[in-house]
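To keep things clear, I will list the structure first and then write my remarks on it.
The numbers here are math on the coordinates, done by the rules we state, and not lab data. Computed from a prediction, not measured in an experiment: that's the story for all the values here. As a convention, Cβ positions derive from the backbone with ideal geometry for all residues, glycine included, and neighbour counts pool all protein chains shown.
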Amino acid sequence: MSDRQRAKAIATLLRQAGEALGLNLCFHDRLRRVQEVPQPWRHHRTPFCRLKKLQNLPRCNVFDGGEVHRALSALPEGRIHECPLGVTELAVPIMEHGLMVGVLFAGPCWCRRSPPPDPAMVVRPSQKWLEGRLVLLRGVARLLADLMRVDARSTSGDRRLEITNYIRSHLAEPIYLADLARHISLSPSRAR
């Protein structure tokens, strides 16, 4: 599948899944393996989130791209959380060979008692409703992982995954750069 076909299939999946879930989806490709991730799904898209990100970009980036990514690396089932702006969202890691290669967000929901800051938000959904959406989002993440899977030697991000897998599978023994380089078909200096 070409990058263009992959991007189109991802866009279709995210659009249909978002409609079925009744939530906006956002996809972070940690290894940047999909060269043409459709623009609408690279960022949180609701007007409230866009406006707040413009005003608090460092705070949002630290939370979305840092804290959530770190937490999800230990939570393969994903989680429901509140962002620093008071918005509830769902986040599920996209896993490949036991490693997180991306994150899929869904939201926003307003779970506080005060009026929502954006009338387009899902307001005060029940915990059961959120948990049901989280289960469905896990399935979408698995489909997304399948679409992201490409030839293991086609991009530098995939080489990093291959290197990580090699190291994990050889933890009980000494690991030498020459052996790793030979395994990924690179010179030792390039592998370093």
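Which of (i) 56, 22, 13; (ii) 31, 18, 14; (iii) 34, 17, 15 is the computed semi-axes √(5λ) of the Cα gyration tensor in Å for the structure on display? The value computed from this structure is option (iii). Between 0 and 90 degrees, rounded to the nearest ten: what's the tilt of helix 3-21 against the longest Cα principal axis of the chain? Between helix and principal axis, roughly 30 degrees. For the chain, the longest principal axis of the Cα atoms and the long axis of helix 47-61 meet at an angle of about 40 degrees.
Using the Cβ-Cβ distance between residue 113 and residue 135 with R0 set to 25 Å, the FRET efficiency from 1/(1 + (r/R0)^6) comes to roughly 0.45. Considering helices alone, the calculated mean residue ellipticity of the chain at 222 nm is -14000 deg cm²/dmol, with DSSP H runs of length four and up weighted by -39500 (n - 2.57) and normalised per residue. Anisotropy class assigned to the range 77-118 is prolate, per the alpha carbon gyration tensor with a/c at or over the 1.5 cut-off and a/b larger than b/c.
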